[in-house]
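The values are calculated or read from the model by the stated rules, or taken from the named source; none is laboratory data. Values in this document were obtained by computation on a predicted structure and should not be read as measured data. Neighbour counts are summed over all protein chains in view; Cβ atoms, including those assigned to glycine, are modelled from backbone coordinates with ideal geometry.
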Amino acid sequence: MSLQEQFAQAQIDSKNLPERPDNMTLLKIYALYKQGANGDVTGERPGFTDMVGRAKYDAWAGLQGTSQEDAMQQYVDLIEELKDA
């Protein structure tokens, strides 16, 4: 199975995890997904009143410079880890 196929399967699996991950793990999942799918962060950082959007943006920005392939692999590995938890 190619990395693209594993990434797509992990996206599906992420919706059916045995239990909801904590917020920090959810941010990591989001950031790895966005980096794997889109590459480096784009757009402006959300304003102070949008705390959730800001946290997501900051998590994604924290992966700046990580290759899409590396992010995809980390995403797949993290989802696999959470499935087995």
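When you go through 17, 26 one by one, which is the residue that is out of contact with any strand residue (DSSP E or B) (no Cβ under 8 Å at 6 or more places or on another chain) and surrounded by 15 or more Cβ atoms within 10 Å (Cβ to Cβ)?
The unique qualifying residue is 26.
For residue 8, state whether it is in contact with a Lys or Arg (Cβ under 8 Å, 6 or more places away or on another chain), modelled with pLDDT of 95 or more, within 18 Å of residue 82 (Cα to Cα) and not acidic (Asp, Glu).
Spelling it out, it is not the case that residue 8 is in contact with a Lys or Arg (Cβ under 8 Å, 6 or more places away or on another chain), modelled with pLDDT of 95 or more, within 18 Å of residue 82 (Cα to Cα) and not acidic (Asp, Glu).
Select from the range 29-53 the residues that are touching a Pro at 6+ places or on another chain (Cβ under 9 Å) and surrounded by 12 or more Cβ atoms within 10 Å (Cβ to Cβ) and list them in ascending order.
29, 53
Pull out all pairs, ordered by first then second residue, where Cβ-Cβ is under 7 Å, the residues are six or more apart or on different chains, the first lies in the range 49-62 and is touching a residue at least 24 places away in the same chain (Cβ under 8 Å), and the second is part of a loop (DSSP other than H, G, I, E, B) and exposed (fewer than 14 other Cβ atoms within 10 Å of the Cβ).
If the second residue must be part of a loop (DSSP other than H, G, I, E, B) and exposed (fewer than 14 other Cβ atoms within 10 Å of the Cβ), no pairs are left.
Identify all residues within the range 14-51 that are in contact with a Lys or Arg (Cβ under 6 Å, 6 or more places away or on another chain) and either modelled with pLDDT under 95 or not hydroxyl-bearing (Ser, Thr, Tyr) (or both); write none if there are none.
Listed by number, the list holds a single entry, 46.
Which residue is nearest to residue 66 (Cα to Cα), if the candidates are limited to the range 1-39 and must be among the acidic types (Asp, Glu) and touching a residue at least 12 places away in the same chain (Cβ under 8 Å)?
Checking each candidate, the answer is 13.
Can you tell me which residue in the range 54-85 is surrounded by the fewest Cβ atoms within 10 Å (Cβ to Cβ), limited to those that are farther than 15 Å from residue 26 by Cα, at pLDDT 95 or above and not small (Gly, Ala, Ser)?
64
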